[in-house]
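Written out below as structure tokens is the structure these notes cover.
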Amino acid sequence: MTTTTSFAARATGVAARASELSKVYGQGETQVVALDRVSVDFGQGEFTAIMGPSGSGKSTLMHCVAGLDSFSSGSVRIGETELSTLKDKQLTKLRRDKIGFIFQAFNLLPTLTALENITLPMDIAGRKPDKQWLEQVISMVGLAGRLTHRPTELSGGQQQRVAVARALASQPEIIFGDEPTGNLDSRSGAEVLGFLRNSVRELGQTVVMVTHDPVAASYADRVIFLADGRIVDEMLQPTADGVLDRMKHFDAKGRTS
Ligand SMILES: Nc1ncnc2c1ncn2[C@@H]1O[C@H](COP(=O)(O)OP(=O)(O)OP(=O)(O)O)[C@@H](O)[C@H]1O
Ligand SMILES: [Mg+2]
């Protein structure tokens, strides 16, 4: 595929948009084109899964759109803000105020309690959490009885629920998850995915999640498939079987290595 296809959002507003986004690592013979003119919209209130083989550029796409990594060309906007127009400090502030993150490794601070971890980003930003909202989020992820526990006193699934609550607490414009269920058993993973699904359906949250797992992808409204730094397909209202099938199809066409 040599043309760049635009995968526009069907929802009302655009929470984030990449236009002709490219990311090249290294130079000369060691050069790697991790993203090759990717154009994609992430609609407000939409749950998008990003899939593709290892090395296809999923994390790079997420990191570039979330303002965690620089890009080589093209543009990215979060809401109405073009990331390239921001200075470092402004970018940090935008990340802190508008974006929530959930990573595969839960990234909790070991010395803080669950509640302190949940409110940490807002504490750093000097913002007071909306108490009612915080209670709603905490009860949704079922952590009410665990708030004074430290991460080492929590199971992996509980730790990731803390990370989900932390991402939701500040009501960010968009939440990015890089394999948020990658370290969880299937039951804990299903719980976390259920919380993300609920946050989209009931709270209007926007979620973008990288995953290897067709079952995880089936919680999303839409799946985009990456191969060799390009979006090669998308699927709406995905089912796990449908996603699995589509992945086999890409493998068979040899686009994936
Ligand atoms: N810091 C870096 N320096 C050089 N190359 C990199 C760097 N980070 C990623 N790459 C390369 O960019 C390409 C895309 O990597 P990326 O991490 O986005 O893949 P991915 O789809 O997230 O893979 P995985 O499923 O294994 O996490 C790969 O070929 C990778 O080797
Ligand atoms: Mg990755």
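Taking only pairs that are 8 or more places apart or on different chains, how many Lys pairs in the chain have Cα atoms under 27 angstrom apart?
Count of close lysine pairs: 21.
Keeping all protein chains in the complex and leaving out DNA, RNA and ligands, what accessible area do you get for Arg150 with a 1.4 Å probe, in Å² to the nearest 10?
100 Å²
Angle between the Cα long axis of helix 88-98 and the longest principal axis of the chain, 0 to 90 degrees, nearest 10?
The angle comes out near 70 degrees.
So, for the chain, what is the accessible surface per residue at a probe of 1.4 Å, expressed in square angstrom?
Counting only protein heavy atoms, the per-residue value for the chain is 47 Å².
Tell me, what is the percent relative contact order of region 131-242, built from C-alpha pairs under 8 Å that lie six or more residues apart?
20 percent
Explain nothing, just the number: relative contact order of the chain, from Cα pairs under 8 Å at least 6 residues apart, as a whole percent.
25 percent
Tell me the carbon and sulfur percent of the accessible area for the chain, rounded to whole percent, probe radius 1.4 Å.
Reported share for carbon and sulfur atoms: 49 percent.
Sticking with the crude label model, points 7 Å out along Cα→Cβ, report the distance from Ser72 to Ser186 in nm, one decimal please.
Going by the 7 Å Cα→Cβ label model, 4.0 nm.
Which angle between 0 and 90 degrees, to the nearest 10, do you get for helix 114-125 versus the longest principal axis of the chain when only C-alpha atoms count?
70 degrees
The values are calculated or read from the model by the stated rules, or taken from the named source; none is laboratory data. Predicted model only: the values in this text are computed from it and were never measured. All Cβ positions, glycine included, derive from the backbone under ideal geometry; neighbour counts span all protein chains shown. These accessible areas exclude ligands, DNA and RNA; they are computed on the full protein's heavy atoms, side chains included. Shrake-Rupley method; radii C 1.70, N 1.55, O 1.52, S 1.80 Å.
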